[in-house]
Amino acid sequence: MSFDEFSADEMPKHVAIIMDGNGRWAKQQGKNRLEGHESGAIAVRRTVEAAAKLGIKHLTLYAFSTENWKRPKVEVSTLMTLLVRNLRRELERMTKNNIRLSAIGSLSKLPNKVRHELQEVIEKTQSNTGTNLTLALSYGAREEIKQAVIDISKKVKNSIINVESIDETIINEHLYTQNLPDVDLLIRTSGEVRISNFLLWQIAYAELYFTDVMWPEFDEHELNRAIKSYLKRERRFGKTSEQLT
Ligand code: FPP
């Protein structure tokens, strides 16, 4: 199966990935967890460039969840340092590959250094027109939905929005992902079969793909396999097969 036989319309527009298994991969290799995250960062680069090559318009990566703050201090600080280092290092390649960076999550909770580096790369890649890479950082879907409810409620209270006019579009506009389309394909690595508080609203009709491959081993071949699986599926959005033809 080659991608040439598919039109751009059939390809997933928004791919989201739960990058899991850094720690277990490291253990299997007789390394420590932190080395697993280092290798995970290299897999991020490979995957972003493979997605750009395929013309995927939106790629969202779960890099740090609201729950990840509960990990040992040294692991949290290693992840933050890795982020800063990679953002700095990747700017040139992102520009060369026409990649635009965005971030979603409770970004105010991130250390200043991460926030500043993030802001700089976001600004410097803002006019790139290729793949939009969104990093979910200090992200939790329940927190995102809670925040949207609070913001909408305040607007109702101040008569900016009528209760009767609240619809899915208004809710979308109040989520961190307001500028992104719904997720078409959600990938999770490492054999775990759960969603872990990631994009709960946005994956309502996503195709789910779970692989046993650990994140540090994920690459272009694995991304292509996931997309080929997606392309074989019939997305009915609640309709019957007959209605689709
Ligand atoms: C899950 O593996 C991975 C994370 C919690 C963090 C993801 C971070 C990276 C891929 C590296 C840096 C990211 C960027 C964007 C440069 P885990 O530690 O939960 O693995 P385990 O379940 O095997 O313990």
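Going by how many other Cβ atoms sit within 10 Å of their own, how do T66, T177 line up, fewest first?
Neighbour counts put them in this order, fewest first: T66, T177.
Let a ≥ b ≥ c be the square roots of the eigenvalues of the Cα gyration tensor of region 133-245; is it rounded (a/c under 1.5), or, if not, prolate (a/b larger than b/c) or oblate? Walk me through the numbers before you get to the answer.
Details: a/c = 3.08, a/b = 1.58, b/c = 1.95.
Cα axes put region 133-245 in the oblate bin.
What does the net charge come to around L200 if you take all other residues with beta carbon closer than 9 Å to its beta carbon, with K and R at +1 and D and E at -1?
In short, 0.
Tell me which DSSP H helices of the chain clear both cut-offs, 27 Å or more of axial length from alpha-carbon atoms and a mean Kyte-Doolittle hydropathy of at least -0.5.
33-54, 73-96
Given springs between every Cα pair under 10 Å in a Gaussian network model of the chain, which of T60, T169, T134 has the largest fluctuation?
Among T60, T169, T134, the largest GNM mean-square fluctuation belongs to T169.
Filter K27/K96; K13/K96; K31/K96; K31/K70 down to the pairs with a C-alpha to C-alpha distance above 26 Å, please.
Distance filter (> 26 Å) returns K27/K96; K31/K96.
Quick one: net charge of M214's neighbours, Cβ under 11 Å, K/R +1, D/E -1?
On the way: positive: R24, K27; negative: D20, E192, D212, E217, E222.
With Lys, Arg at +1 and Asp, Glu at -1, the net is -3.
Assuming R0 = 35 Å, what is the FRET efficiency of V149 and E5, from their Cβ-Cβ distance, to the nearest 0.05?
Plugging the Cβ-Cβ distance into 1/(1 + (r/R0)^6) gives 0.20.
Could you check which residue among E164, E38, E120 shows the biggest mean-square fluctuation in a GNM of the chain with a 10 Å Cα cutoff?
E164
I need W201, W25, W69, W215 ordered by Cβ neighbour count within 10 Å, fewest first.
Values: W201 16, W25 24, W69 12, W215 27.
Ranking W201, W25, W69, W215 by Cβ neighbours within 10 Å, fewest first, gives W69, W201, W25, W215.
In a Gaussian network model over the chain where Cα atoms closer than 10 Å are linked, find which of R71, R93, R115 has the largest mean-square fluctuation.
Looking only at R71, R93, R115, the largest GNM fluctuation is found for R71.
No value in this document is a laboratory result; all are computed from the given coordinates. These numbers come from a predicted model, not from an experiment. Because the Cβ atoms are built from the backbone with ideal geometry, glycine has one as well, and the counts that use them run over all protein chains shown.
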